[in-house]
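I have placed the structure first, in the form of structure tokens, so that the comments after it can refer back to it.
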Amino acid sequence: MSPYKSIRIREEEDTLVVCVGSYLNSLLGEEVEKAVRARLDDGGRRILLNFHGTRLVNSIGISFVIGVVEKVMEQEGRMAFCEVSRINRDLFRVTGLEKYVRSFETEKEALDYLAGNV
């Protein structure tokens, strides 16, 4: 059973898929960061954040996302986002995240990219 209460995590081949949830705030951001850090510590290098149903990302939530991106980059991993709403896509653009992380319409497209199939 997953130790995470608000996020859903699963493995897809060698990629950790983190389904973020409806409101990315400090509590949820901390759970996302812990899940990603644990995966990186175990040697995993491919991370997908699925934002399906994520209606709002507050300022603290975006800081956690930035921190996660930095950790993945430090470990020379690959990361992608998928199913990002228009408002959150705009937020990622304003914060500069889109320069470092590709965003995809569907989870399948993102998983194919992370697996090197694109």
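Where a number appears in this text, it was derived from the coordinates with a stated rule and is not lab data. Everything numeric here is computed off the predicted structure, so don't read it as measured data. Every residue, glycine among them, receives a Cβ derived from its backbone with ideal geometry; neighbour counts consider all protein chains shown.
Beyond 25 Å, how much of the Cα-Cα pair distribution for the chain remains, as a whole percent? Of all Cα-Cα pairs in the chain, 11 percent lie more than 25 Å apart.
Among Y113, H52, L91, whose Cα projects farthest towards the positive end of the dipole of the chain, with charges put on the beta-carbon of Lys, Arg (+1) and Asp, Glu (-1)? Projecting each Cα onto the dipole axis, the largest value belongs to L91. When only the Cβ of Lys, Arg, Asp and Glu is charged (+1, +1, -1, -1), the dipole of the chain relative to its Cα centre reaches about 320 debye. Number of Lys-Lys pairs in the chain with C-alpha atoms under 23 Å apart and a separation of 8 or more places or on different chains: 5. Considering the zone a paramagnetic label at R10 would reach in this model (a point 7 Å from Cα along the Cα-to-Cβ line), which residues of segment 82-118 have amide N under 14 Å from it? What the label zone holds, given the 14 Å backbone N cut-off, is 107-108, 111. This ranking places Y23, Y113 by how few other beta-carbon atoms lie within 10 Å of each, fewest first, which gives Y23, Y113.
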